[in-house]
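First the structure, in the form of structure tokens, and then the observations on it.
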Amino acid sequence: MHDNTALAAAARLADAVVGVFVVDTRWFPATTGCMGPFQASFWLASLTELRQALLALNIPLRIVTTADPAAALVAMARQLGADGITFNKEYEPRQLALDRRLTRLAQDAGVKVRACKDGVIFEEFELLTGSESVYHVFSPYKRAWLAALADNPVQSTGLPRKNAALRCAADAVPAPHALGYGDVKNTLPTGESGAAAMLANFSARPILEYAVQRNFPAVDGSSRLSAHLNAGTISIRQCVMAALHAGAADDRSGSAATWLAELIWREFYRMILFHYPHTAAEAFQRRYVTLAWPARPDRVTAWSRGETGYPIVDAAMRSLIATGWMHNRLRMITAMFLVKDLDVDWRVGENFFRQWLCDYDQASNVGGWQWSAGTGTDAAPYFRVMNPILQGRRFDPHGIFVRRWLPELSQVPVKNIHQPWLMPPSLQKQAGCVIGRDYPAPVVDHGQARLAAIARFKNLPR
């Protein structure tokens, strides 16, 4: 409701507004394997709150279930005698295609279309290099983004004005089980009220410690607002203003600036996907397009179940399945482990995350997976292979996070928590964790897998 560009524009330009949410049957039902249970639950709960908030402004929310959202929206506009359709732009390939189709069908039907910039601070052609080309590297993009922000301060649209009452009833929001989803419990507060509370809590203190605390999964040091940004229950402008209020502009190396940089990464990946739509399914770096990946179903199963034998990886995967959310450091660790250690196609992991993350965002997810795989925008990434043992020791030194999600390791000494297979048999029995019985042995040797991965990428034709 607050700071929604399209909603504010519609309320300003018209005497009455009808909101529409489309349950796209190509995406929403559980049987499609597209939107996962946690994200569906999060969206539908948030939609329920939105429905009530809109009614307070005399804006009924209609729910349409269809496989052709563009045609359905135009048909509803004609049915209601609407002057136009106002929407916020998206930048992912499928959404771009949908926006183009909607615009074409609406124009053919004599219905006006207003497309608004809302989900980003700077969109596709607003930040280009001096030679008018697209930024491929994050650091110069970030510098250009910050310079542009200084010249164009962000502003909130606020709350839209109350509209004239309509004789148009609001529709009921479908329950997750009506769309084929089982019961899941979201650990994140939903809706705009949940987003506002989370931002307020983060701004009170964690944002000032973000640079230090953000990498430790056992610490509540991140904002966890990604699901809200994706769903639109909070705006990117509200987040940027919070970062600036915490001193991001004054201290470019401080914690608030570090969090702001994460928001800029989000826009960077959006613009990469806009200008290079092939990256949704292919390597950004063309020399890796022909890279053949062997089928390794046993390894994929071990990874997806949290049974690789590497505690930090397994704890991360089990937390994802249980909560629908994963800490960013753990996303990098698990992604790189799947690709570099287990030698599995990054698209397998990207697809798995799509089905389980409550904050799934195609641009950010694809960008993160390609970064981890070494196929993305980075200049020379093939030799970057995270060591899951060292990552565990560094970011979960006492094994607090590991023990939370791997109770079979609860009695393992701290010095062995990230390499339990090195415990002598007597200590394994004493800790109640016999390797191969209570907890799996490592599916691969990290040292050997690292060398193989580097050789595989290094030896490709350039």
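Shown here: volume of the Cα convex hull per residue in Å³, derived from the displayed model; of the candidates (1) 185; (2) 153; (3) 207, it corresponds to (2). For region 128-141, backbone phi angles converted through the Karplus equation (6.51, -1.76, 1.60; θ = phi - 60°) give residue-by-residue couplings of 10, 5, x, 8, 6, 10, 7, 5, 9, 10, 5, 4, x, 5 Hz, Gly and Pro being listed as x.
Give the shape of region 1-132 as rounded, prolate or oblate, defined through the alpha-carbon gyration tensor: a ≥ b ≥ c are the square roots of its eigenvalues, a/c under 1.5 means rounded, and otherwise the shape is prolate if a/b is larger than b/c and oblate if not. Verdict is rounded for region 1-132. Relative to one another, the C-alpha centroids of region 124-202 and region 260-298 are positioned 22 Å apart. In plain terms, the residue of 353, 42 with the fewest other Cβ atoms within 10 Å comes first and the most crowded comes last, giving 353, 42.
Working ranking of peptides 437-449, 235-247 by packing, defined as the average number of other Cβ atoms within 10 Å per residue, highest first, is 235-247, 437-449. Normalised by the number of residues in region 287-458, the average gap of Cα pairs under 8 Å and 6 or more apart makes the relative contact order 25 percent. The phi-based Karplus calculation (6.51 cos²θ - 1.76 cosθ + 1.60; θ = phi - 60°) puts the 3J(HN,Hα) values of region 220-235 at 7, x, 10, 6, 6, 8, 4, 5, 6, 4, 5, 7, x, 7, 8, 9 Hz, whole numbers, x for Gly and Pro.
Normalising the average separation of contacting C-alpha pairs (under 8 angstrom, six or more residues apart) by the number of residues puts the relative contact order of the chain at 17 percent.
Each of 7, 409 has some number of other Cβ atoms within 10 Å of its Cβ, and from fewest to most they run 409, 7. Compute the helix-to-body angle for 311-323: its Cα long axis versus the longest principal axis of the chain, expressed 0 to 90° and rounded to tens. Result, in degrees: 30. Listed by Cβ neighbour count within 10 Å, with the fewest neighbours leading, 76, 326 appear as 76, 326.
Listed by chain and number, the lysines placed with their C-alpha closer than 23 angstrom to that of residue 415 are 429; residues fewer than eight positions away on the same chain are left out. Sorting 394-402, 410-418, 356-364 by average packing, meaning the other beta carbons within 10 Å per residue, from highest down gives 356-364, 394-402, 410-418. The alpha-carbon of residue 340 sits under 14 angstrom from the alpha-carbons of these aspartates and glutamates, leaving out residues fewer than 8 places away in its chain: 445. Listed by chain and number, the lysines whose C-alpha is less than 28 Å from the C-alpha of residue 162, apart from same-chain residues fewer than 8 away, are 89, 112, 117. Each residue of region 441-450 was assigned a 3J(HN,Hα) from its phi angle through the Karplus curve 6.51 cos²θ - 1.76 cosθ + 1.60 (θ = phi - 60°); the sequence is 6, x, 6, 9, 8, 4, x, 5, 5, 4 Hz, with glycine and proline shown as x.
A short reminder: the numbers here are calculations on the coordinates, not readings from a lab. On a predicted model such as this, the values are computed, not experimentally measured, just so you know. Every residue, glycine among them, receives a Cβ derived from its backbone with ideal geometry; neighbour counts consider all protein chains shown.
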